[in-house]
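**Q** I'd like to ask you about the structure that follows.
The values are calculated or read from the model by the stated rules, or taken from the named source; none is laboratory data. Just so it is clear, the structure is predicted and the values come from calculations on it, not from any experiment. Ideal geometry is used to build each Cβ from the backbone, glycine not excepted, and the neighbour counts take in all protein chains shown.
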């Protein structure tokens, strides 16, 4: 085992007690999906606040001296109050790609490093974005529903869809995920352009500084950016109006990037042609108006949940924690990009 | 040209095509005629063209009943509903709609792969049912990197390969003879191809040789983790075998745009999560159907004006 101890009478449990602790406030989805064993290590021990009867602050004060790291996930925020109680924490590792649940300035202030899921999900999320786009344009889910209800035989052919090849795809956020989406859509003959905080060097796609202008110049808007104060409700009435009657929107970022009420209204009035959504403002609540619409495709925030990616994730999480604890560079450190 | 009789043998619902044909010719819609034998007897002399599609074309019997038939123009790229030998014998020209629908069909093939592996239709049903609760998660299968085996490497097969490559999918294929100018791995038999890929796509023409090319042996070789995608023709697949393999779990999943007896789809499939069932929409976009219609009409016009045909097969 990894503990230097010459006292051979120590039990395994006691040995574990000597290990540095990683605290969790909620079980990450990956624990139930691929098993907690995938995240085990002989270099650290998980301390789960959700398994304890103690009130949170009491639990944390009791163990604070040995808690060196936090394992966060989308459903387990890390805010200033929590960090206040954990002075020994040097790193927050999250199972999510997104970081909107972490108080990043507070972590910076305290010299706490942050590591996220890096690129392990990028392919899966990009695949989902393309899948949702094809589904909306070609009415895959809607016509599958039609067939299963016996309507093909009873009512005849399903209404025509819209061709993907040759469409202009506007990517909002050209990070790793956005780039993977762009690469895939090019193979379908789409013309890719993008909006990002700053123009990316070495990228040949046309850049639009203003997301409204991007929307006005594309047929499909694909949201691939993270959620921050700047991007909250960035896709608003003006942007949707610029996207227009024939335009569709796909969101695999975070629900709150889009003004959801406004999007619902636009869809109901036919001001945009359709939407493919893996994320919503108030999950698991989804606007009921969607349920009657054939031109939207709905997914319950599962873009990253494949055994392949979660296995890669577990190795990355363990790798990040072990690296931190042995003073090595993190494998997927989050650094504020320009 | 208004006196030229054109018989539309397929139950086409395409208003643009019908409108364009009616502008130029005397159009007869065979499907909606109750006494077909009587109709043919009375009108056969004036019928000089047939417009067919994937659902109905011109078989030997019909060709025999139309002594003045000069051209069959199909609203499809597939020619399986046309008796080509009979047309050749009679000197009847045949045209189809290649190239214009290649992208749509290839796009849909990938769309089906993503929908099956990532359970998009099932997810959509789940959310619509109002059952999505916090803390409920479900795994689906990653698409990127999966090996894709393509039967038939014509225009559509190549377009599918190009798209799948963007998802880092290793590509392999089977055709009658190995293609020298292609970098993908070749398998001399469909069974071997099925045994060596995770997603098998049918993208070849339907002929006597390729009927039931997907049979029990191939399905078993593809296996419980394998997925079949059919954007060819229903008869490419031994449908009862496919249904039992899916129901029994011997095949991992299927994305089907075509069926043995359209528009009838085996009801045993309706309850399965690992299948996606589409009503033959491979070329079903506004953009492509217009291009296809323009080709059908363009070919007919060219023929009757003694100009070179646009997309002749015969």
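**Q** Take the residues of the stretch B:273-297 that are in contact with a helix residue (DSSP H, G or I) (Cβ under 6 Å, 6 or more places away or on another chain) and either more than 17 Å from residue A:165 (Cβ to Cβ) or away from every other protein chain (no Cβ under 11 Å) (or both): which is surrounded by the fewest Cβ atoms within 10 Å (Cβ to Cβ)?
**A** Here the residue is B:273.
**Q** Now for a separate question. Select, from B:137, B:126, the only residue that is within 30 Å of residue A:35 (Cα to Cα) and touching a helix residue (DSSP H, G or I) at 6+ places or on another chain (Cβ under 9 Å).
**A** None of the others qualify; the one that does is B:137.
Conditions (1) within 14 Å of chain A (Cβ to nearest Cβ); (2) touching a helix residue (DSSP H, G or I) at 6+ places or on another chain (Cβ under 9 Å); (3) part of a loop (DSSP other than H, G, I, E, B), marked per residue:
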site: B:104; (1), (2), (3): yes, yes, no
site: B:114; (1), (2), (3): yes, yes, no
site: B:141; (1), (2), (3): yes, yes, yes
site: B:164; (1), (2), (3): yes, yes, no
site: B:176; (1), (2), (3): no, no, yes
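**Q** Out of curiosity, is residue B:151 under 22 Å from the mean Cα position of the chain (by Cα) and closer than 30 Å to residue B:272 by Cα?
**A** Yes: the conditions hold for residue B:151.
**Q** Given the conditions (1) within 14 Å of chain B (Cβ to nearest Cβ); (2) under 16 Å from the mean Cα position of the chain (by Cα); (3) buried (at least 17 other Cβ atoms within 10 Å of the Cβ), and given that residue A:286 satisfies all but one, which numbered condition is not satisfied?
**A** So residue A:286 meets the others, but not (2).
**Q** Suppose we keep only residues that are in contact (Cβ under 8 Å) with a residue 60 or more places away in the chain and away from every other protein chain (no Cβ under 14 Å) within the stretch A:18-39. Which one would you say is nearest to residue A:82 (Cα to Cα)?
**A** A:23
**Q** Of all the residues that make up the stretch A:293-314, how many are more than 7 Å from every other protein chain (Cβ to nearest Cβ) and at pLDDT below 95?
**A** Kept after step one, since they are more than 7 Å from every other protein chain (Cβ to nearest Cβ), are these residues of the stretch A:293-314: A:293-296, A:301, A:303-304, A:310-314.
Narrowing the set further to residues that are at pLDDT below 95 leaves A:301, A:303-304.
Count: 3.
**Q** I'd like the full set of residues that are within 26 Å of residue B:257 (Cβ to Cβ), in contact with a helix residue (DSSP H, G or I) (Cβ under 9 Å, 6 or more places away or on another chain) and surrounded by fewer than 19 Cβ atoms within 10 Å (Cβ to Cβ), limited to the stretch A:154-182.
**A** If the condition is that a residue be within 26 Å of residue B:257 (Cβ to Cβ), in contact with a helix residue (DSSP H, G or I) (Cβ under 9 Å, 6 or more places away or on another chain) and surrounded by fewer than 19 Cβ atoms within 10 Å (Cβ to Cβ), then A:155, A:159, A:166 are the ones that fit.
To keep it simple, each residue is scored yes or no on (1) within 14 Å of chain B (Cβ to nearest Cβ); (2) more than 21 Å from residue B:285 (Cα to Cα); (3) at pLDDT below 95; (4) not in a loop (DSSP other than H, G, I, E, B).
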{"site": "A:117", "(1), (2), (3), (4)": "no, yes, yes, no"}
{"site": "A:129", "(1), (2), (3), (4)": "yes, no, no, yes"}
{"site": "A:145", "(1), (2), (3), (4)": "yes, no, no, yes"}
{"site": "A:152", "(1), (2), (3), (4)": "yes, no, no, yes"}
{"site": "A:194", "(1), (2), (3), (4)": "no, yes, no, yes"}
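**Q** If you don't mind, another one. Would you confirm, using the coordinates I've provided, whether residue B:206 is modelled with pLDDT of 95 or more, crowded, with 17+ Cβ neighbours inside 10 Å and touching a strand residue (DSSP E or B) at 6+ places or on another chain (Cβ under 8 Å)?
**A** Taking the combined requirement at face value, the residue does not satisfy it.
Condition check ((1) without any contact (Cβ under 8 Å) to a residue 60 or more places away in the chain; (2) within 14 Å of another protein chain (Cβ to nearest Cβ)) across all residues:
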site	(1), (2)
B:156	no, yes
B:183	yes, no
B:189	yes, no
B:196	yes, no
B:206	no, no
